């Protein structure tokens, strides 16, 4: 069984006059329906609610105020789902709406519940249509985008492929709008800072992401072992063609040694609550010898967090080198930082663990 995540941006679903483009949605629904079944399960991560709401509210440009974005999302979400319901229904496919917030994926119990829900829907032959719950999730509108969500969903369901439908044909060697000689980069085996620089930054008039966010999404998804494709969402038949072995757009090849689902959750889904500044000895222990973090290596504690929260590990030069789930609160950390493991119980009156962060609960950041 092959699980595939298809991410569809606002530019693909809307027209230049604003609002949803039903013909385009019909075409995308046909392409996805063509690959469903025959061993394939498909999850769709879709933008478009805010864009659809803008049309209904009579807004000419994407609102900057959070309250207006939330209102547009609330008004537009029903239109978006009705459009998908109609289009997929024409091809005898059933869809389900799934709205997620960052907290749904950052809290372990809710993360696993989200996974179980999606897998159950897939087992019934239903295509989940996922979107961030922009109506209530302030941070998601202000900082998030569905490229990032698509990468997290890929890890959540152990997807084999993530196919990002874009308004361009792939990642170019330079900006094709400025350089007519720019060429598509067909394959990417390793993410580099130079590659990220090529992606630029700005998004569209109706969406929140640009090519840069797609690059970061690919970086996360490939770490999970997911193969990522950025292809045109305006050309019919490309998805089925990809699955038959043809090449289109830009392909990001997955890591040979993929990160585990739990460590992927720690690295990309859970929201950090603080940081631990650690000395050179602790940095070496974490990076080179694969050890847990002990209190003796902590120089400074930043932020307020409880047992079970995530924090960054930061070296003395200010570089984030790792991220992990702590066994002690920030208040306890302040008391035991720089001290030996044998002193923990004497200082606190109890001891949860010798390690501040166990190796099984931390992930090194590239």
Checklist entry - Based on the Cβ-Cβ distance of residue 92 and residue 258, what FRET efficiency does E = 1/(1 + (r/R0)^6) give at R0 = 35 Å, to the nearest 0.05? => result 0.50
Next on the checklist: Quick check: convex hull over the Cα atoms of segment 272-364, volume per residue in Å³, rounded to an integer?
Outcome noted: 77
Next on the checklist: Under the 0.36 nm per residue contour assumption, what length would be gained going from the current alpha-carbon distance of residue 22 and residue 358 to full extension?
Outcome noted: 115.9 nm
Next on the checklist: Distances longer than 25 Å among the Cα atoms of segment 2-263: what percent of all pairs is that?
Outcome noted: 40
Checklist entry - Taking neighbour counts of Cβ atoms within 10 Å as a proxy for exposure, in what order, fewest first, do 247, 229, 358 appear? => result 247, 358, 229
Checklist outcome for this item: Once both label points are put 7 Å beyond Cα along the C-beta direction, the residue 334-residue 124 separation in nm becomes 5.0
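Estimate the FRET efficiency between residue 158 and residue 60 by the formula 1/(1 + (r/R0)^6), using the beta-carbon distance for r and 45 Å for R0, to the nearest 0.05.
0.60
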Checklist entry - Considering only DSSP beta bridges with both partners in segment 272-364, what is the antiparallel share in %, to the nearest 5? => result 75
Next on the checklist: Relative contact order for segment 272-364: what percent, with Cα pairs under 8 Å and sequence separation of 6 or more?
Outcome noted: 33
Next on the checklist: Please check: in the Gaussian network model of the chain (C-alpha springs, under 10 Å), which one of 331, 77, 97 has the largest mean-square fluctuation.
Outcome noted: 331
Checklist entry - Could you state the number of Å between the C-alpha centres of segment 155-182 and segment 6-49? => result 16
Next on the checklist: What FRET efficiency comes out for residue 175 versus residue 366 if R0 is 25 angstrom and r is the Cβ-Cβ distance? Round to the nearest 0.05.
Outcome noted: 0.45
Item to check | Contour minus Cα-Cα distance for residue 187 and residue 38 (0.36 nm per residue) | outcome: 50.9 nm
Item to check | Degrees between helix 22-35 axis and first principal axis of the chain (Cα, 0 to 90, nearest 10) | outcome: 70
Item to check | Cα-based helix-to-principal-axis angle, 146-156 vs the chain, degrees rounded to 10 | outcome: 70
Next on the checklist: Given contacts defined as C-alpha pairs under 8 Å and at least six residues apart, what's the relative contact order of the chain, whole-number percent?
Outcome noted: 14
Item to check | For segment 1-47, Kirkwood radius (reciprocal of mean inverse C-alpha pair distance, Å) | outcome: 11.5
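Got the relative contact order for segment 195-312 handy, in percent, Cα pairs under 8 Å and 6 or more residues apart?
Reported as a whole number, the value is 20 percent.
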Checklist outcome for this item: One would report the antiparallel percent of DSSP beta bridges in the chain, rounded to the nearest 5, as 35
Next on the checklist: As I understand it, the value is the acute angle between the Cα axis of helix 66-89 and the longest principal axis of the Cα atoms of the chain; what does it come to in degrees, rounded to 10?
Outcome noted: 60
Next on the checklist: Just to be sure I understand: if I project the alpha-carbon convex hull of segment 156-284 onto a plane and average over all orientations, what area do I get in nm²?
Outcome noted: 10.7
Checklist entry - Hey, in the GNM for the chain with a 10 angstrom Cα cutoff, which one of 79, 114, 296 fluctuates hardest? => result 296
Item to check | Linear extension gain, residue 110 paired with residue 343, 0.36 nm per residue minus alpha-carbon span | outcome: 80.3 nm
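Order these peptides, 251-257, 9-15, 23-29, by their mean beta-carbon neighbour count within 10 angstrom, highest first.
9-15, 23-29, 251-257
None of the figures in this text is laboratory data; all of them are computed from the coordinates on show. Fair warning: this is a prediction, and the values are worked out from it, not measured in the lab. No Cβ is skipped: glycine too gets one built from the backbone with ideal geometry, and neighbour counts run over all protein chains shown.
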